[in-house]
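The values are calculated or read from the model by the stated rules, or taken from the named source; none is laboratory data. Just so you know, these numbers come straight off a predicted model, no measurement behind them. Counting neighbours? That spans all protein chains shown, and the Cβs are built from the backbone with ideal geometry, glycine included. Ligands, DNA and RNA are stripped out before the accessible areas are found, and what is left, the full protein with its side chains, is counted by its heavy atoms. Shrake-Rupley method; radii C 1.70, N 1.55, O 1.52, S 1.80 Å.
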Amino acid sequence: MPVYRQNVLFEVARGIKAFLNFEAGLTRGLVPGEGDGPSLAEARRRLEDKNRQIAQLEEKLREGRSGAAVGDLKPENVVWMFGTARVGSTWLGSMMDEPTDHTMWHEPLVGALFGGFYYGRGAHRGGKHGILGGPDDKRSRAIRAFVLASAHEKFPEVKGDGYLVVKEPNGSNGAPLLAQALPESRMIFLVRDPRDVVSSNLSGKSEGGWTAEAFKRGRRKGTPPPTDPQTIVRKGAKKYLEFVGRSKEAFDAHKGPKILVRYEELRADTLATMKRIYSELGMKVDEDEVVRAVEKHSWDNIPEEKKGEGKFYRKATPGGWNEDLTPDQVKMVEEITAPLLEEFYPEKQTSQTGV
Amino acid sequence: MPLFKSRVAFQLARNARAFLYLDTGIVRGDAPPTLEVMEETQARLREQIQEARRALANRDHRISGLEKELGGYTVGAGNIAWIFGTVRTGSTWLASMMRDGHNHAMWNEPRVGELFGTFYESTAHRRDNENFVMGTHRKLVWLKSVRNFVLDSASARFPRFARDGLLVIKEPSGSIGAPILMEALPESAMVLLVRDPRDIVASALDAAREGSWAYELRGTRRREKQGLVGTAGAPIDDFTGKSQDEVVRDQASMYLRYVGNSRKAFDAHDGRKVLVRYEDLLANSLGTMKRIYSELEVEVDEEDLARIVKEHSWENIPEDEKGKGKFYRKGASGAWREDLTPDQAKVVEEITAPLLRELYPDETA
């Protein structure tokens with residue numbers, strides 16, 4: 001309650017008033033003038049949202065449908081892109097975003113949400129009580145509803161014959177769960193020589209690199225990456241093993257349309273590789289649009305100032321690791337990623353055999 | 001235009017603030033509103049907020065009804081009562097008593113709060129990204145997905161759940177996600193179960209010893225077998241390689257995060273809720289249980305409840321399951337005075353100070 005209040009207002013000239021408002025006091029709760037504006041706006045926004053939700057549910061009830069809303073997005077038209085970071089997924093995703101009715105969802109990290117828990121934090125909690133434990137079909141049903149509802153809400157325009165390409169390199173640790181939840185979906189497994197991946201990673205995180213700079217300038221938040229080159233290399237190789245390993249697990253088990261794409265092939269003959277992707281995945285696409293997309297996103301069309309050492313677009317040269325990594329670093333990557341290197345790059349298996 | 005404008009407010013005591021407001025200047029036309037006018041506006045605003053909240057609760061009720069009518073879920077949001085707080089607060093005891101009620105069931109630590117909560121906290125730097133699945137601008141959208149995910153999972157887990165039943169979800173280890181879950185399922189009820197953090201840390205120290213129940217059964221030993229010990233995101237029961245002081249510090253920090261987030265969820269929740277102190281539950285179990293059900297608006301048979309409380313009493317736990325290094329350790333409050341060194345107690349008090357002051361004002365050193 002106010003202890004002292006004084007409000008004075010007087011005219012000093014025609015149309016001009018001087019005023020003095022003075023108030024002092026004690027209060028329990030809000031100080032006068034402290035508004036609840038944002039919470040009212042928030043409550044109103046929620047009310048509108050809930051009204052929409054009720055309308056949708058009532059419509060479903062009238063139509064005799066059930067389950068969570070997934071809209072008109074066809075689960076078979078979801079195209080996952082798994083692998084890991086620095087494999088050229090932004091490039092491939094950008095090309096696949098171009099054709100009419102093809103849309104790319106850029107790194108929702110839904111795979112990281114479920115994969116990080118299932119294979120990491122919650123791995124010890126796989127029993128019947130665990131939220132992702134118990135029978136596969138129950139887990140998959142819940143994940144499926146989550147993914148489709150999220151995709152529908154984000155891209156309501158994707159329906160009918162439209163495709164949603166979900167570029168998920170940093171969510172590839174959850175690839176098996178996502179693929180299991182949407183068995184009819186399509187899958188691209190994009191791989192690249194782990195030594196080039198780590199080399200690119202090292203360049204970005206080193207002093208002056210695009211990742212390091214983004215942290216330095218506050219464009220990226222969170223824990224800054226390590227600065228010690230050996231640590232960057234070791235962590236990068238381990239991430240490759242985990243993320244590409246999970247992608248492979250998903251790829252091997254997936255019964256829907258799928259394709260393995262090597263970055264090196266995409267670089268060597270982009271158009272032919274793109275045609276192969278669409279053909280093997282059974283995706284309808286206008287060939288002229290593919291040609292235009294390939295041309296638009298070609299290396300030559302990236303402005304020169306955006307390319308080079310330390311930049312997001314660095315070399316685009318397979319085998320560049322030979323110049324960028326020290327022999328010790330190469331050995332470390334080869335040892336850590338050995339099972340995958342052997343499988344995907346048998347002819348370049350170790351640096352001793354030459355590249 | 002105002003020549004000088006100043007508003008100062010400071011806290012004098014709990015809930016009591018002093019303020020000083022000075023606004024002076026020269027204007028053409030109307031003078032700016034006085035504080036009296038502002039207060040009136042504020043009162044109107046408060047009424048509008050209350051009205052909006054009531055309307056929201058009605059909508060939530062309608063949504064719950066429609067979801068059930070559609071037959072998609074056996075467990076509706078209104079059937080759920082969450083137990084949040086942190087580990088070693090007596091949540092197993094409380095949840096077991098609640099499970100035994102007529103038409104009641106208990107979901108023992110699904111960790112759905114950890115699934116969403118830990119991910120959400122660890123991706124704070126991504127939240128402004130419009131593509132991020134849990135981005136700020138899409139919050140209402142993903143809250144709906146979280147809601148469906150919980151109801152879907154609960155219905156799959158409890159396919160023959162009674163229409164008017166109560167599903168108690170014991171989620172101490174998932175309390176980090178309490179704000180998300182309560183916001184996604186506002187019709188659900190919430191129990192915030194707390195205990196003196198010093199007793200919790202004392203209990204954790206006992207569990208951290210090799211050969212204890214947690215080491216052998218719950219955490220470290222099992223994770224060792226799975227080759228998971230020491231990996232990123234290791235659970236709180238993974239005590240491998242930690243000194244006593246590290247365990248004390250880690251557990252106190254965890255208390256601050258878990259109970260802190262539970263507290264946030266509790267304060268923001270407009271629905272049915274009750275704050276329970278372990279110490280009260282221990283001192284008067286039946287009375288506290290009655291209070292819980294009363295505040296959660298759940299009808300229970302008093303005779304049944306008395307029988308359940310008795311069945312789960314400390315005296316009814318077999319002697320060989322109780323004691324040092326066991327899951328049922330002391331069943332006492334304030335034992336930290338014997339178990340912690342003065343330095344350890346000080347560390348816990350410093351780290352958990354805001355919650356200790358609020359939840360245990362009489363026990364604050």
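Using a 1.4 Å probe, how large is the accessible area of B:Ser6, given in Å² and rounded to the nearest 10?
Approximately 30 Å² of B:Ser6 is accessible to the 1.4 Å probe.
How much accessible area per residue does region B:252-316 have, in Å², with a 1.4 Å probe? Kindly include the intermediate steps, with their values, before the conclusion.
On the way: 3400 Å² over 65 residues.
Solvent-accessible surface per residue comes out at 52 Å².
How much accessible area per residue does region B:6-157 have, counting only protein heavy atoms and a probe of 1.4 Å, in square angstrom? If you can, show how the numbers build up before the last one.
Numbers: 6210 Å² over 152 residues.
Per-residue value: 41 Å².
What is the local net charge at B:Glu303, summed over the other residues whose Cβ is closer than 15 Å to its Cβ (Lys, Arg +1; Asp, Glu -1)? Mind dumping the intermediate values first?
Working: positive: B:Lys290, B:Arg307, B:Lys310; negative: B:Asp100, B:Glu299, B:Asp301, B:Glu302, B:Asp304, B:Glu311.
Summing Lys and Arg as +1 and Asp and Glu as -1 gives -3.
Evaluate E = 1/(1 + (r/R0)^6) for A:Glu335 and B:Ser243, where r is the Cβ-Cβ distance and R0 equals 41 Å; express this FRET efficiency to the nearest 0.05.
Calculated transfer efficiency: 0.80.
Classify chain A from the C-alpha gyration tensor, please: rounded if a/c falls under 1.5, else prolate or oblate depending on whether a/b exceeds b/c.
Values: a/c = 2.02, a/b = 1.54, b/c = 1.31.
Since a/c reaches 1.5 and a/b is larger than b/c, the shape of chain A is classed as prolate.
What part of the accessible area of the protein assembly as shown, given as a whole %, is carbon or sulfur when the probe is 1.4 angstrom?
Numbers: 16510 of 32870 Å².
Of the solvent-accessible surface of the protein assembly as shown, carbon and sulfur hold 50 percent.
Ignoring ligands, DNA and RNA, how much accessible area is buried between chains B and A, both sides summed, with a 1.4 Å probe, to the nearest 100 Å²? Before the final figure, lay out the partial values.
Working: alone 20520 and 20330 Å², together 32870 Å².
In total, chains B and A hide about 8000 Å² from solvent.
Cross-link list A:Lys167/B:Lys139; A:Lys159/A:Lys258; A:Lys74/A:Lys128: which exceed 24 angstrom alpha carbon to alpha carbon?
Result: A:Lys74/A:Lys128 exceed 24 Å.
From the residues A:Leu178, A:Met104, A:Leu92, which one has its Cα farthest along the dipole of chain A in the positive direction, the dipole being from +1 and -1 charges on Cβ of Lys/Arg and Asp/Glu about the Cα centre?
The Cα lying farthest towards the positive end belongs to A:Leu178.
Suppose all protein chains stay in the model; what accessible area per residue would a 1.4 Å probe give for chain A, in Å²? Present the calculation step by step, with values, prior to reporting the outcome.
Details: 16330 Å² over 355 residues.
I get 46 Å² per residue for this part.
Answer with one residue from B:Leu94, B:Gln48, B:His137: the one whose Cα lies farthest towards the positive end of the charge dipole of the protein assembly as shown, charges on Cβ with Lys, Arg +1 and Asp, Glu -1.
With unit charges placed on the Cβ atoms, the residue in question is B:Gln48.
Roughly how tilted is helix A:327-336, in degrees to the nearest 10 and between 0 and 90, from the longest Cα axis of chain A?
With rounding to tens, the tilt is 80 degrees.
Would you check region A:177-251 for Lys pairs whose C-alpha atoms are within less than 21 Å, ignoring same-chain pairs closer than 8 in sequence, and give me the count?
Counting lysine pairs in region A:177-251 gives 11.
Quick one: how many Å² of B:Arg44 are accessible to a 1.4 Å probe, rounded to 10?
That residue has around 140 Å² of solvent-accessible surface.
How much length is gained if the chain between B:Glu338 and B:Ala124 is pulled fully straight, taking 0.36 nm per residue apart and subtracting their Cα-Cα distance, in nm to one decimal? List each step's numbers first, then the result.
Values: separation 214, 0.36 × 214 = 77.04 nm, distance 4.03 nm.
Value of the extension gain: 73.0 nm.
Counting only other chains, and only Cβ atoms inside 10 Å, what mean value do you get across the residues of B:131-138? If you can, show how the numbers build up before the last one.
On the way: counts 9, 5, 14, 5, 3, 0, 0, 4.
Mean shielding by partner chains, rounded to a whole number: 5.
Nearest 500 deg cm²/dmol is fine: what mean residue ellipticity at 222 nm does chain A get from its DSSP H runs of n ≥ 4 alone, each adding -39,500 (n - 2.57), divided by its residue count? Each step should come with its number before you reach the end.
Numbers: 14 runs with 161 residues, N = 355.
Mean residue ellipticity, 222 nm, calculated: -14000 deg cm²/dmol.
Could you check what % of the DSSP bridge pairs in chain A are antiparallel, to the nearest 5? Don't skip to the end; give the middle numbers.
On the way: 10 of 29 bridges.
Just about 35 percent of them are antiparallel.
Checking the a/c ratio against 1.5 first, then a/b against b/c, what shape does the Cα gyration tensor give for region A:230-279? Can you show the working numbers first?
Values: a/c = 5.68, a/b = 1.46, b/c = 3.91.
Oblate, because a/c is 1.5 or more while a/b does not exceed b/c.
What's the average, rounded to a whole number, of partner chain beta-carbon atoms within 10 Å of each residue's beta-carbon in A:107-116? Write out the running numbers ahead of the final one.
Values: counts 5, 9, 9, 5, 1, 5, 9, 3, 0, 7.
Mean partner-chain Cβ count within 10 Å for A:107-116: 5.
Only Lys, Arg, Asp and Glu count, each charged at its Cβ (+1, +1, -1, -1), so figure out the dipole size of chain A about its Cα centre, rounded to 20 debye. Mind showing how you got there, number by number?
Values: 55 positive and 52 negative charges, 298 e Å.
With only Lys, Arg, Asp and Glu charged at Cβ, the dipole is about 1440 debye.
Please get the size of the charge dipole for region B:1-154, origin at its Cα centre, with Cβ charges of +1 on Lys and Arg and -1 on Asp and Glu, quoted in debye to the nearest 20.
Numbers: 21 positive and 17 negative charges, 34 e Å.
In total the dipole reaches around 160 debye.
How many Cβ atoms of partner chains, on average, are near each residue of A:41-50 if near means within 10 Å of its Cβ?
Values: counts 1, 4, 8, 5, 3, 11, 6, 1, 7, 10.
Per residue, the average neighbour count from other chains is 6.
With just the Cα atoms defining each centre, how far is region A:248-290 from region A:148-179? Give it in Å.
17
Leaving out ligands, DNA and RNA but keeping every protein chain, what accessible area does A:Val8 have, in Å² rounded to the nearest 10, with a 1.4 Å probe?
Surface open to solvent at A:Val8 totals about 50 Å².
Round to the nearest 10 and give me the degree value, 0 to 90, for the angle of helix A:136-154's Cα axis relative to the longest principal axis of chain A.
It works out to around 60 degrees.
Working with all protein chains in place, sort A:Glu157, B:Glu315, A:Glu98, B:Glu349 by solvent-accessible area computed with a 1.4 Å probe, largest first.
Details: A:Glu157 115, B:Glu315 135, A:Glu98 70, B:Glu349 40 Å².
Descending order: B:Glu315, A:Glu157, A:Glu98, B:Glu349.
So which residue, out of A:Lys284, A:Lys255, A:Lys128, gets the largest mean-square fluctuation from a GNM of chain A using Cα contacts under 10 Å as springs?
Per the Cα network of chain A with a 10 Å cutoff, A:Lys128 tops the list.
With +1 on each Lys and Arg Cβ and -1 on each Asp and Glu Cβ, and nothing else charged, work out how big the dipole of the protein assembly as shown is about its Cα centre, in Debye to the nearest 20. Kindly include the intermediate steps, with their values, before the conclusion.
On the way: 108 positive and 108 negative charges, 87 e Å.
Here the size comes out at about 420 debye.
If one takes the longest principal axis of the Cα atoms in chain A, at what angle in degrees, from 0 to 90 and to the nearest 10, does the Cα axis of helix A:270-281 lie?
In chain A, helix A:270-281 runs at an angle near 80 degrees to the longest axis.
Taking the DSSP beta bridges in the protein assembly as shown as the whole, what percent of them are antiparallel, to the nearest 5? Mind dumping the intermediate values first?
On the way: 33 of 71 bridges.
DSSP beta bridges in the protein assembly as shown are roughly 45 percent antiparallel.
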